[in-house]
Amino acid sequence: MGACLALCSLASCASCLCGSAPCLLCGCCPSSNNSTVTRLVFSFFLLLGTMVSVIMILPGMETQLRKIPGFCKGGSTIIGVENQVNCEIIVGYKSVYRMCFAMACFFFLFSVIMIRVRNSKDPRAAFQNGFWFFKFLILVGITVGAFFIPDGTFHTVWFYFGVAGSFIFILIQLILLIDFAHSWNKIWVENAEETNNKCWFAGLLSFTVLHYALAFTAVVLFYVYYTQPDDCTEHKAFISLNLIFCIIISVVSILPKIQEVQPHSGLLQASLISLYTMYVTWSAMTNNPNRACNPSLLSLVSNVSATEPPVDGNSGHVQWWDAQGIVGLIIFLLCTLYASIRSSSNAQVNKLMQTEEGKGFSGEEVVGEDGIRRAVDNEEEKVTYSYTFFHFHLFLASLYIMMTLTNWYQPDITTQAMQSSMPAVWVKMSSSWLGLGLYLWTLVAPLIFPDRDFN
């Protein structure tokens, strides 16, 4: 009897997994819009790939890979199939590169397929919002094929793809952070004005002070641990410049002229951007190959010599996890989730992110003839977000994850050793400067072009 019920349950989900019916997740979120559910599921695909990448760099994975028939050299075999993969060196950055290559190809493919989809009546929209089982099979198929890519120059070339993609993704993270800060400030100020409750203003002030306190503390720690009296000139310049830039955007955000055209701008946004800028600065400095200017947290805690190399050339051991990598993953997950569920009224950010102005849910849940609850199709007239840009954003996120999980290490010609590189440092720093410039532009643009509508 239980088996029959299970089969019936699986059959009822067939339209969700193999058809175009957007009913996934609707049992938990029955009052969801179709566009939101689709973005959440694609983000889950990215999260699933990230989890697999993390597992692939855990100790002991080589032993498990050898159990796959016909995969590892010296491992289990299949008659007529030659083992091609050297699992002694595939574990680690190679597995991450291949897994993220597969995710990047998957999302880039959908980015191309979904070009110029205008509404849900387009046949491609049905494939965007359904057929999840087949899309999952496509991702699995690309992943399996990626693990059989010959070494050659693949890792070196894909490293530079990862650097370029991560640079753009860091900017997108900053755009989302600006959007979140504006929405946060606007909602709390409106709540304070409508309810005449000063607690909302107290909350804004408390978080603003907290953000600035953390940013200032970070600057002090950077000067103490990431600079030397007669060395680390680049670090001194990075810290000083970003400190000055953060002060500039903070002052500009509260100028009377800016407040006239941007009544919702304030120190909350500037403080959050300043804190994120200090994180990017720290992340960049941790990629400096000069170990005297880049002590690991482990060396700081245990008083290990800062000049001790992090990579043992004899054993090939690489320290994959460090504090900035973990923080980077957390920020990545939060930004990806926010990008999936965001409903913004910020016209500038919506234009940059290719999304429509957020609207509240106004319909009732849809129940099909089979009794399955489905998401509401809110894109019959016009899509609420650019399908192509959304998938391109996930494509860039795949590259960012690849670089984060491998600590931005650059493979050498032997593909067995890893080393930090200055290109990663400059990419991160330039992205922080460009991001600060972008935020400054959002403040002064309405003042420079008063005839344009920036609301």
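The values are calculated or read from the model by the stated rules, or taken from the named source; none is laboratory data. All of these numbers come straight from a predicted model, not from anything done at the bench. So basically every Cβ, Gly included, is an ideal-geometry build from the backbone, and we count neighbours across all protein chains shown. Surface accessibility is based on the protein's heavy atoms, side chains included, excluding ligands, DNA and RNA. Shrake-Rupley method; radii C 1.70, N 1.55, O 1.52, S 1.80 Å.
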> For region 135-168, what are the residues that are part of a helix (DSSP H, G or I), modelled with pLDDT under 90 and farther than 30 Å from GLY435 by Cβ?
Replying inline: VAL144, GLY145, ALA146, PHE154
> Among (1) open to solvent by 30 Å² or more (accessible area, probe 1.4 Å); (2) in contact with a strand residue (DSSP E or B) (Cβ under 9 Å, 6 or more places away or on another chain), where does ILE142 come up short?
Replying inline: (2)
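Is there a residue in region 190-197 that is under 30 Å from TRP408 (Cα atoms) and open to solvent by less than 80 Å² (accessible area, probe 1.4 Å)?
So the first thing to find is which residues in region 190-197 are under 30 Å from TRP408 (Cα atoms), and the list is none.
No.
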> Any residue at all in region 210-228 that is outside any helix (DSSP H, G or I), open to solvent by 30 Å² or more (accessible area, probe 1.4 Å) and not hydroxyl-bearing (Ser, Thr, Tyr)?
Replying inline: yes
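Do we find that THR153 is under 27 Å from SER431 (Cβ atoms), open to solvent by 70 Å² or more (accessible area, probe 1.4 Å) and more than 25 Å from the chain's Cα centre (by Cα) in this structure?
Details: under 27 Å from SER431 (Cβ atoms): yes; open to solvent by 70 Å² or more (accessible area, probe 1.4 Å): yes; more than 25 Å from the chain's Cα centre (by Cα): yes.
Considered against the rule, which asks whether it is under 27 Å from SER431 (Cβ atoms), open to solvent by 70 Å² or more (accessible area, probe 1.4 Å) and more than 25 Å from the chain's Cα centre (by Cα), THR153 comes out as yes.
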